[in-house]
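**Q** Before anything else, here's the structure in question.
The values are calculated or read from the model by the stated rules, or taken from the named source; none is laboratory data. Not measured: the values here are computed from a predicted model. Cβ coordinates were reconstructed from backbone atoms using ideal geometry, including for glycine residues, and neighbour counts include every protein chain displayed. We work out accessible area using only protein heavy atoms, side chains counted, and drop any ligands, DNA or RNA first. Shrake-Rupley method; radii C 1.70, N 1.55, O 1.52, S 1.80 Å.
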Amino acid sequence: LLEGGAEMLFETARLWLEVGRYSPRRNDAFCIFQVTGPDEYTVLVDNDFYTNHMAKKHLAYAADVAEWLAQTYPATFTELQARTGLHADESLAWRQAAEAMYLPPPDERLGVFPQDDTFLDRPLPPDSMVRKAADNPLLLDFHPLTIYRHQVCKQADVLHALALTGEPADRDCRRRNFDYYEAITTHDSTLSLPVFGIAAAQAGYPRKAWEYFQQALRIDVDNLHGNTSHGVHLAAMAGSWMNLTWGFGGCSLRDATPAFAPSLPPAWRGYRFGFLWRGRRLRIAVDAREITYTLLEGQTLDIRHFGHCITLEPGCPQRHPLIDGTPTPRAFKGVIFDLDGVLADTATVHHAAWKKLADELDLPFDDSMGTRLKGVDRMASLEIILEGSSRMYSEAEKADLAERKNHYYREQIARFSPENLLPGARRAVEATRRAGLKTALASASRNAPMLLDRLGIRDLFDYIVDAGRIRHHKPNPEIFLAAAQGLGLDPTDCLGVEDAVAGVAAIRAAGMFAVGISTGDELNDAGITLASIADFDADRLIADTHHTQRTTAGHAPDHDSIHHQPGRVSA
């Protein structure tokens, strides 16, 4: 600080007062305008979440340093004032701006922090964009303006801010934001991988943290982006070390005191890393049983271990039991069921109706397309159907086509009866109610109320949400958040049941535990999967979800009908 750090800190702090101002429209909060944060797929925005958080930290620290120098090293401070033109009121202006910085609260409907003032107003990326992102950087396939108009991230500003600031510490909040932004982030920048690894560890997702760590660590070893011949990714290497220490090691600074909250990835037997702090050299070693802190060099050092202060003496290792960082399971109070494919097999009717429409338009339609339509709302499904068309359709024509398909579908379900329920469906919902849990239905179909009447199960649900009550469709979590609100429950008190990838993503983004219905492995993001709704036993399943939440190694509950999906693991 004395040799040049303070000068750099002050000069750069001045930037924020030049690009921001106090906004009367936001109760005189300090706002920062027209910036691009880490996410280069979202450009020139107001109140970027990451930028505002970092600027707040920067301004407050600059003010602290100015006051400290003035009191502790007055001669040096006077010299610094003369060299930089720093006047007496500047540090006060920095502090005032920091305290008034605009930091938006979580969105009321989604429960996540908005990346900027308008980000959550944009549509989610179309399926074609998501599929392309898995193969190439988006800029190779889409014009920048097309990318900028959607909720799609090269790297997620919000998760960067949460990972680096450690605020807020609430794990449910971190999970909701992680789940939401993970679904719309392409990781086209290798800087994204280690930050997602840190964020996953902080959110209590040890397996995901390990997978992101592996990708960042091996980005050049395995040439994962196909461009290692252009040069190695040094930032990803440094990010891997941060993933290890900030993520798995739980390293942070609290009131100028090193703090640690280590966890052990399921794939590892142990790890260790060094830490140099103000002339003290510390080693942290973690294995399956304990954490060992050893002060190798320097004077006595105070650190925080899972929030508790401990004092380390040179050459005297301290051992502490490894604490399972998984959040304590909450007793579920409600179950939210999807309809199509979970309680009734309407997928074949949808498939037949869409195929009839596609045949009339002379467009290709096969089983793979039917799979893509699963869990997708009507208009988004129509867009998938029309991908094979060489002509452009107006919005009015699309509305007519969607209504034509709906007519074909309603003709079929008008013949439905309780016999069209999937085996065990009624018993599963009735048993859930007997267990004292509230029940809700969350269906992407506008025909859900009519279908429930035909199936004879409408009275089994305390609350029903269909596509007519929401603006955003799965994988957006709005429908599940609306169902939880209708039940009068916190989303984390609810368990969601789905058979589609988009549905499971929506449940997780809502902060709920996801139960998948599938005989395959496509629902690997669900906490537990069942072969069919007939295997849904509320009492036993809730016990198993608690076991799954406690298990960091991803072992499955010992039931033939229930299998935990641990996700992809690299060799």
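**Q** Of the residues that sit in segment 97-106 and are surrounded by 15 or more Cβ atoms within 10 Å (Cβ to Cβ) and not hydrophobic (A, V, I, L, M, F, W, C), which one is farthest from the chain's Cα centre (by Cα)?
**A** Tyr102
**Q** Within segment 209-220, restricting attention to residues that are of a type outside the set (A, V, I, L, M, F, W, C) and open to solvent by less than 40 Å² (accessible area, probe 1.4 Å), which residue is nearest to Phe119 (Cα to Cα)?
**A** Here the residue is Tyr212.
**Q** Does segment 533-541 contain at least one residue that is under 17 Å from the mean Cα position of the chain (by Cα) and part of a loop (DSSP other than H, G, I, E, B)? Full working, then the answer.
**A** To start, the set of residues in segment 533-541 that are under 17 Å from the mean Cα position of the chain (by Cα) comprises none.
There is no residue in segment 533-541 that is under 17 Å from the mean Cα position of the chain (by Cα) and part of a loop (DSSP other than H, G, I, E, B).
**Q** Would you be able to say whether some residue in segment 404-415 is open to solvent by 10 Å² or more (accessible area, probe 1.4 Å), assigned to a loop (DSSP other than H, G, I, E, B) and either of a type outside the set (Ser, Thr, Tyr) or at pLDDT below 90 (or both)?
**A** Looking through segment 404-415, at least one residue is open to solvent by 10 Å² or more (accessible area, probe 1.4 Å), assigned to a loop (DSSP other than H, G, I, E, B) and either of a type outside the set (Ser, Thr, Tyr) or at pLDDT below 90 (or both).
**Q** Then there's this: Is there any pair linking a residue in segment 387-413 that is touching a residue at least 12 places away in the same chain (Cβ under 8 Å) to one that is basic (Lys, Arg), with Cβ under 7 Å and at least six apart or on different chains, and which?
**A** Cβ pairs passing all conditions: Ala402/Arg378; Asn406/Arg378; Tyr408/Lys356; Ile413/Arg454.
**Q** With the structure loaded, tell me whether Leu110 is open to solvent by less than 50 Å² (accessible area, probe 1.4 Å) and farther than 30 Å from His150 by Cα or whether it fails that test.
**A** On the way: open to solvent by less than 50 Å² (accessible area, probe 1.4 Å): yes; farther than 30 Å from His150 by Cα: no.
So Leu110 does not fit the description; no.
**Q** A follow-up question, please. Restricting attention to segment 464-503, and to residues there that are of a type in the set (Val, Ile, Thr) and modelled with pLDDT of 90 or more, which single residue is most open to solvent (accessible area, probe 1.4 Å)?
**A** Among those residues, the one meeting the criterion is Ile464.
**Q** Of all the residues that make up segment 330-339, how many are surrounded by fewer than 13 Cβ atoms within 10 Å (Cβ to Cβ) and at pLDDT 90 or above?
**A** Count: 0.
**Q** Moving on to the next point. Take the residues of segment 439-458 that are without any contact (Cβ under 8 Å) to a residue 24 or more places away in the chain and touching a helix residue (DSSP H, G or I) at 6+ places or on another chain (Cβ under 8 Å): which is most open to solvent (accessible area, probe 1.4 Å)?
**A** Arg458
**Q** I would also like to ask the following. Could we say that Gly511 is within 24 Å of the chain's Cα centre (by Cα), crowded, with 24+ Cβ neighbours inside 10 Å, on the phi > 0 side of the Ramachandran plot and not in a helix (DSSP H, G or I) here?
**A** So Gly511 fits the description; yes.
**Q** Restricting the search to segment 424-438, which residues are crowded, with 22+ Cβ neighbours inside 10 Å and outside any helix (DSSP H, G or I)?
**A** Leu437, Lys438
**Q** Which of the residues belonging to segment 221-260 are closer than 27 Å to His187 by Cα, among the hydrophobic types (A, V, I, L, M, F, W, C) and surrounded by 13 or more Cβ atoms within 10 Å (Cβ to Cβ)?
**A** So in segment 221-260, the residues closer than 27 Å to His187 by Cα come out as 221-252.
Narrowing further to those that are among the hydrophobic types (A, V, I, L, M, F, W, C): 221, 224, 232, 234-238, 241-242, 244, 246, 248, 251.
Listed by number, the residues that qualify are Leu224, Ala235, Ala236, Met237, Ala238, Trp241, Met242, Leu244, Trp246, Phe248, Cys251.
**Q** Name the single residue, out of those in segment 152-178 being among the acidic types (Asp, Glu) and either under 21 Å from Gly239 (Cα atoms) or without any contact (Cβ under 8 Å) to a residue 60 or more places away in the chain (or both), that is least open to solvent (accessible area, probe 1.4 Å). Before you say what the answer is, go through the steps one by one.
**A** First, pick out the residues of segment 152-178 that are among the acidic types (Asp, Glu): 157, 167, 170, 172.
Those left that are additionally either under 21 Å from Gly239 (Cα atoms) or without any contact (Cβ under 8 Å) to a residue 60 or more places away in the chain (or both): 157, 167, 170.
Details: Asp157: 1, Glu167: 91, Asp170: 79 Å².
Top of the filtered list is Asp157.
**Q** Further, regarding this structure: Does any residue in segment 317-328 that is over 21 Å from Gly247 (Cβ atoms) and outside any strand (DSSP E or B) come within less than 6 Å, Cβ to Cβ, of a residue that is at pLDDT 65 or above and β-branched (Val, Ile, Thr) six or more places away or on a different chain, and which pairs are these?
**A** Note: pairs meeting the criteria are Pro317/Thr292; Pro317/Thr294.
**Q** When the residues of segment 440-471 are filtered to those that are in a helix (DSSP H, G or I) and of a type in the set (Asp, Glu), which remaining residue is nearest to Ile507 (Cα to Cα)?
**A** Asp459
**Q** Return yes or no: is Phe142 touching a residue at least 24 places away in the same chain (Cβ under 8 Å), among the aromatic types (Phe, Trp, Tyr) and surrounded by 15 or more Cβ atoms within 10 Å (Cβ to Cβ)?
**A** Criteria not met by Phe142.
**Q** Okay, next question. Can you confirm whether segment 307-329 contains a residue that is surrounded by 15 or more Cβ atoms within 10 Å (Cβ to Cβ), within 30 Å of Val429 (Cβ to Cβ) and either touching a helix residue (DSSP H, G or I) at 6+ places or on another chain (Cβ under 9 Å) or β-branched (Val, Ile, Thr) (or both)?
**A** Checked segment 307-329: at least one residue is surrounded by 15 or more Cβ atoms within 10 Å (Cβ to Cβ), within 30 Å of Val429 (Cβ to Cβ) and either touching a helix residue (DSSP H, G or I) at 6+ places or on another chain (Cβ under 9 Å) or β-branched (Val, Ile, Thr) (or both).
**Q** Answer yes or no: is there a residue in segment 359-371 that is in a helix (DSSP H, G or I), over 32 Å from the mean Cα position of the chain (by Cα) and either modelled with pLDDT of 85 or more or not acidic (Asp, Glu) (or both).
**A** There is at least one residue in segment 359-371 that is in a helix (DSSP H, G or I), over 32 Å from the mean Cα position of the chain (by Cα) and either modelled with pLDDT of 85 or more or not acidic (Asp, Glu) (or both).
**Q** Determine if segment 72-95 includes at least one residue that is closer than 30 Å to Asp188 by Cβ, in contact (Cβ under 8 Å) with a residue 12 or more places away in the chain, among the aromatic types (Phe, Trp, Tyr) and open to solvent by less than 50 Å² (accessible area, probe 1.4 Å).
**A** Within segment 72-95, the first condition is being closer than 30 Å to Asp188 by Cβ, and the residues that meet it are none.
There is no residue in segment 72-95 that is closer than 30 Å to Asp188 by Cβ, in contact (Cβ under 8 Å) with a residue 12 or more places away in the chain, among the aromatic types (Phe, Trp, Tyr) and open to solvent by less than 50 Å² (accessible area, probe 1.4 Å).
**Q** Here's a follow-up. Taking segment 1-53 as the region of interest, how many residues are in contact with a Ser or Thr (Cβ under 8 Å, 6 or more places away or on another chain), assigned to a helix (DSSP H, G or I) and open to solvent by 50 Å² or more (accessible area, probe 1.4 Å)?
**A** The number of residues fulfilling the criteria is 2.
**Q** Go through segment 181-198 and report how many residues are touching a Gly at 6+ places or on another chain (Cβ under 8 Å), open to solvent by 10 Å² or more (accessible area, probe 1.4 Å) and either of a type in the set (Lys, Arg) or under 25 Å from Met512 (Cβ atoms) (or both).
**A** The total comes to 1.
**Q** Could I ask something else about it? Look at Glu383 and say whether it is assigned to a helix (DSSP H, G or I), modelled with pLDDT under 85, of a type outside the set (A, V, I, L, M, F, W, C) and open to solvent by 30 Å² or more (accessible area, probe 1.4 Å). Before the answer, list the steps.
**A** Working: assigned to a helix (DSSP H, G or I): yes; modelled with pLDDT under 85: no; of a type outside the set (A, V, I, L, M, F, W, C): yes; open to solvent by 30 Å² or more (accessible area, probe 1.4 Å): yes.
Taking the combined requirement at face value, the residue does not satisfy it.
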